[in-house]
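K.L.:
Before we start, here is the structure in question, set down as structure tokens.
The values are calculated or read from the model by the stated rules, or taken from the named source; none is laboratory data. Note that the coordinates shown come from a computational prediction; the quantities given were computed from them, not determined experimentally. When we count neighbours, we look across all protein chains shown, and the Cβ atoms used for this are built from the backbone with ideal geometry, even at glycine.
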Amino acid sequence: MEALDRGHAAPGVTPEWRERLERRGLAPLTGTSRRYWIWVAFLLAVIGWALYAYSRQLDEGLIVTGMRDRILWGVYIASFVFFIGISHAGTLLSAILRVTKARWQLSVTRMAEFITVVALLVGALFPLIDMGRPDRLLNMIVYGRWQSPLLWDIFAISTYLTGSTLYLYLPLIPDFALARDRLGPTAARWRRSLFTIAALGWTGTPEQRKALDRAISLMMIVIIPVAVSVHTVVSWIFGMTLRVSFNSTILGAYFVAGAIFSGIAAIVVLMAVLRKLLHLEEFITKTQFVNLGYLMAAFTLIMGYGNLSEYITHGYKMEGGFPFHFEQLMTGPFSILFWSYIVGGLVVPGLIILCPRTRRIAGITTAAVLVLVTMWIERYLIVVAGLRVPLMAYEPASYTPTWVEFSILAGAFALFALLITLFAKLFPVISVWEVADHRGPEPGSEPLAAPERPRRTALAEGSAT
Amino acid sequence: MNRVIAATVIALAMLAGGAGIALAGSAPTRLTFSAPAQATLGERVTVQARLVDAQGEPISGATIAIVAPLRFLNGGGDVVLWEGRADKNGNAVGSFEARVVGPLALRAVFRGDQLYAPAEALAELKVVEGATPPLYRERVGVHLPGLNEPPGFGQVALIEPQDTVISRALALWPAMSGWPIAGALIVIWSVYASVVRLLFRIAAAPSGAPR
């Protein structure tokens with residue numbers, strides 16, 4: 001059986017190029033180095049520490065956190081918003097680019113879709129962690145009010161997670177079939193069984209292609225409004241609360257823009273890491289970095305515009321608690337974080353990408369790292385600085401995250417990295433069939449002489465069936 | 001040996017005692033309950049219940065509760081409005097503030113104890129809106145029919161005390177409120193279902209060499 005219909009190749013695809021693509025795409029599935037296991041062990045250790053910290057929180061209650069009655073959301077909810085934000089990386093971006101028939105992105109859509117599913121899984125844990133009594137989670141459903149944005153959030157995230165998982169799985173089917181056919185008898189039995197089952201008997205017949213194309217088309221259309229709704233609903237958790245700094249009509253649009261912005265940065269960082277580790281330089285080239293960099297630069301402007309519009313409107317009127325809010329952000333206790341976000345998250349990344357001398361893979365990756373870090377800070381500012389504005393004539397509260405919160409945050413990032421690490425070992429990180437059928441080799445991209453480590457692989461033997 | 005016999009006797013005595021209590025059972029009781037027919041919102045309402053045994057003798061010291069089935073948004077259940085003990089004449093006089101407008105199905109409840117069986121009595125109270133506005137209104141912001149107007153709009157609605165599996169399942173359904181969300185979810189999940197159906201089609205397609 002052959003997973004790929006070799007009659008559908010994109011222009012410029014030679015048998016040798018396709019062979020290299022398939023080999024590179026499937027190589028991570030066939031061997032595991034010691035460094036991989038050391039990395040997994042490190043991540044598990046961090047997660048273990050976070051679990052210990054969470055056990056302290058479960059045992060002693062939320063008193064072990066820095067949250068109190070006035071600033072009642074902190075690192076957990078900021079991280080929830082952050083992770084839900086970067087989840088927009090994959091599905092939304094990949095769907096938009098698929099709808100617009102952009103071909104350059106085909107080699108990175110899989111990574112983007114990984115990020116979506118993993119970020120949603122990790123992000124959805126935070127409200128649960130934030131609950132002092134997680135055993136009452138079901139009450140959110142049983143006694144939930146249809147009028148409450150919290151319930152909308154549950155529906156939106158579960159719907160988006162289901163859709164994203166489907167959307168991740170659909171383009172994986174031909175690649176599962178490819179792995180099934182090419183990994184050969186040397187692959188572990190469980191792995192062969194996994195690929196056989198997940199491939200759904202795919203042989204690339206016209207009937208199967210038609211059904212798959214239709215399924216992907218349906219999903220890419222429906223997933224865009226779902227993704228937009230998710231972060232809009234997340235913003236409404238804040239926007240529909242009677243708090244000075246949350247009183248904004250552009251909050252939904254601003255959150256969606258911020259989500260796409262941080263999502264693009266997450267793709268760029270993951271792309272840079274996997275490209276280097278898995279020797280994918282021939283298939284993930286400067287083109288992908290520069291194009292995503294341009295998108296990121298555009299979003300620095302959109303985010304800057306959003307901030308400017310927000311601050312000018314409220315700053316002009318200086319109504320209610322806004323003088324206090326602006327003071328704490330711009331010159332007060334949050335000023336270092338605030339200006340770090342403005343300068344480090346908007347100005348510097350924009351300049352790095354727009355300047356031709358720094359518009360390189362390393363520069364764009366650096367800009368993406370800056371964006372990711374400062375977007376977390378921005379989420380923190382929305383949550384903590386927003387809640388710090390007094391509602392009545394009392395002294396402003398203070399909030400300092402404790403070791404428990406930092407440990408759980410570290411554990412969440414470790415879980416995110418672990419899931420991506422495991423995904424990269426189980427599934428091809430490049431959508432092999434889409435790149436071969438619809439994109440082909442990039443002009444000027446040369447095969448790199450990446451070191452071939454001895455592997456337990458049957459790839460070199462060609463098709464096994 | 002003597003110890004064994006003694007232990008056996010004690011155990012039998014205990015069993016017999018327990019059986020005695022069980023055999024004796026709880027004496028039947030009768031509860032009468034009176035409440036004013038009508039009250040104004042915010043008014044303090046005084047109600048009276050009297051608990052007697054089968055012979056009409058008053059039962060003093062019994063705990064009597066005045067409860068009403070109330071609903072707030074999607075939740076509901078019995079709310080205890082007052083609780084107190086019966087005096088030497090078996091009378092329990094309690095009062096509570098009428099906080100909801102509409103007919104209120106009050107129940108005086110004696111939950112029973114080791115000596116006396118439980119008893120309940122009903123009384124209907126109609127609370128009308130007076131000069132004082134309702135103490136709590138849900139209607140804030142923009143009102144979209146069916147979206148943010150829960151049953152019993154502007155007031156706490158009353159429900160019949162039902163606690164069946166079906167009534168609980170129905171309580172999950174948004175009824176009228178929240179229908180736009182429910183509608184959107186139905187559309188999206190229908191598309192997901194179509195995609196899953198296409199997956200089955202892929203799996204069921206005849207395998208063979210690609211054409």
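K.L.:
Just to be sure I understand the filter: pairs with C-beta atoms under 9 Å, separated by 6 or more residues or on different chains, first member in segment B:177-199 and facing chain A (nearest Cβ under 7 Å), second member among the charged types (D, E, K, R). Which pairs pass?
P.N.:
If the second residue must be among the charged types (D, E, K, R), the pairs left are B:S177/A:R145; B:S177/B:E149; B:G178/A:R145; B:S194/A:R214; B:V195/A:R214; B:L198/A:R214.
K.L.:
Considering only segment A:177-198, state which residues are without any contact (Cβ under 8 Å) to a residue 40 or more places away in the chain and either among the hydrophobic types (A, V, I, L, M, F, W, C) or in contact with a strand residue (DSSP E or B) (Cβ under 7 Å, 6 or more places away or on another chain) (or both). Reasoning before the result, please.
P.N.:
If we filter segment A:177-198 for residues that are without any contact (Cβ under 8 Å) to a residue 40 or more places away in the chain, which is where we start, we get A:188-190, A:192-193, A:195-198.
Scanning segment A:177-198 gives A:A188, A:W190, A:F195, A:I197, A:A198.
K.L.:
Step by step: first the residues of segment A:165-191, then only those that are within 11 Å of another protein chain (Cβ to nearest Cβ) and within 17 Å of the chain's Cα centre (by Cα), then the one that is nearest to A:L120 (Cα to Cα). Which residue is that?
P.N.:
Restricting attention to segment A:165-191, the residues satisfying the condition of being within 11 Å of another protein chain (Cβ to nearest Cβ) are A:165-167, A:169-170, A:173-174, A:177.
Among the residues that remain, those that are also within 17 Å of the chain's Cα centre (by Cα) are: A:165-167, A:169.
Numbers: A:T165: 10, A:L166: 14, A:Y167: 14, A:Y169: 15 Å.
That would be A:T165.
K.L.:
I need the full set of residues from segment A:201-227 which are β-branched (V, I, T) and within 7 Å of chain B (Cβ to nearest Cβ), in order please. Write out each step before concluding.
P.N.:
Residues of segment A:201-227 that are β-branched (V, I, T), as a first pass: A:203, A:205, A:216, A:221-224, A:226.
Selection gives A:T203, A:T205, A:V222, A:V226.
K.L.:
Here's another thing I want to ask about it. All but one of (1) more than 23 Å from A:V108 (Cβ to Cβ); (2) part of a helix (DSSP H, G or I) hold for A:S248; state the number of the condition that does not hold.
P.N.:
(2)
K.L.:
Now for a separate question. Out of (1) of a type outside the set (F, W, Y); (2) surrounded by 19 or more Cβ atoms within 10 Å (Cβ to Cβ); (3) modelled with pLDDT under 90, the odd one out for A:I267 is which?
P.N.:
So the condition that A:I267 fails would be (3).
K.L.:
I'm trying to understand the selection: among the residues of segment A:386-430, which are assigned to a helix (DSSP H, G or I), surrounded by fewer than 19 Cβ atoms within 10 Å (Cβ to Cβ) and charged (D, E, K, R)?
P.N.:
The one that is assigned to a helix (DSSP H, G or I), surrounded by fewer than 19 Cβ atoms within 10 Å (Cβ to Cβ) and charged (D, E, K, R): A:K425.
K.L.:
For segment A:153-162, state whether one or more residues are modelled with pLDDT of 85 or more, closer than 30 Å to A:E19 by Cα and within 9 Å of chain B (Cβ to nearest Cβ). Walk me through how you get there before you give the answer.
P.N.:
First pass over segment A:153-162, keeping only residues modelled with pLDDT of 85 or more: A:153-162.
Next cut, closer than 30 Å to A:E19 by Cα only: none.
There is no residue in segment A:153-162 that is modelled with pLDDT of 85 or more, closer than 30 Å to A:E19 by Cα and within 9 Å of chain B (Cβ to nearest Cβ).
K.L.:
Here's something else I'd like to know. Has segment A:303-323 got any residue that is among the aromatic types (F, W, Y), closer than 27 Å to A:I284 by Cα, buried (at least 16 other Cβ atoms within 10 Å of the Cβ) and touching a Gly at 6+ places or on another chain (Cβ under 9 Å)? Spell out the reasoning first.
P.N.:
From segment A:303-323, those among the aromatic types (F, W, Y) are A:305, A:311, A:316, A:322; that's our starting set.
After this cut, where a residue has to be closer than 27 Å to A:I284 by Cα as well, the list is none.
Looking for residues that are among the aromatic types (F, W, Y), closer than 27 Å to A:I284 by Cα, buried (at least 16 other Cβ atoms within 10 Å of the Cβ) and touching a Gly at 6+ places or on another chain (Cβ under 9 Å), one finds none in segment A:303-323, hence no.
K.L.:
Which of the numbered conditions does A:T162 fail, given that it passes all the others? Conditions: (1) among the polar types (S, T, N, Q); (2) over 23 Å from A:W433 (Cβ atoms); (3) not in a helix (DSSP H, G or I).
P.N.:
For A:T162, the exception is condition (3).
K.L.:
OK, next. List the residue pairs whose Cβ atoms are under 6 Å apart, where the first residue sits in segment A:140-160 and is of a type in the set (F, W, Y), the second is part of a helix (DSSP H, G or I) and surrounded by 19 or more Cβ atoms within 10 Å (Cβ to Cβ), and the two are 6 or more positions apart or on different chains.
P.N.:
Sorted first by the residue in segment A:140-160, then by its partner, the pairs are A:W152/A:V233; A:Y160/A:V226; A:Y160/A:V230.
K.L.:
Within segment A:228-235, can one find any residue that is within 11 Å of chain B (Cβ to nearest Cβ), under 30 Å from A:M303 (Cβ atoms), among the aliphatic types (A, V, I, L, M) and within 22 Å of the chain's Cα centre (by Cα)?
P.N.:
Narrowing segment A:228-235 to residues within 11 Å of chain B (Cβ to nearest Cβ): A:229, A:233.
Remaining after also requiring under 30 Å from A:M303 (Cβ atoms): A:229, A:233.
Narrowing further to those that are among the aliphatic types (A, V, I, L, M): A:233.
Subset that is within 22 Å of the chain's Cα centre (by Cα): A:233.
Scanning segment A:228-235 turns up at least one residue that is within 11 Å of chain B (Cβ to nearest Cβ), under 30 Å from A:M303 (Cβ atoms), among the aliphatic types (A, V, I, L, M) and within 22 Å of the chain's Cα centre (by Cα).
Matching residues to (1) surrounded by 24 or more Cβ atoms within 10 Å (Cβ to Cβ); (2) in contact (Cβ under 8 Å) with a residue 24 or more places away in the chain; (3) part of a helix (DSSP H, G or I):
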{"site": "A:S217", "(1), (2), (3)": "no, no, yes"}
{"site": "A:P225", "(1), (2), (3)": "no, no, yes"}
{"site": "A:H231", "(1), (2), (3)": "yes, yes, yes"}
{"site": "A:A253", "(1), (2), (3)": "no, yes, yes"}
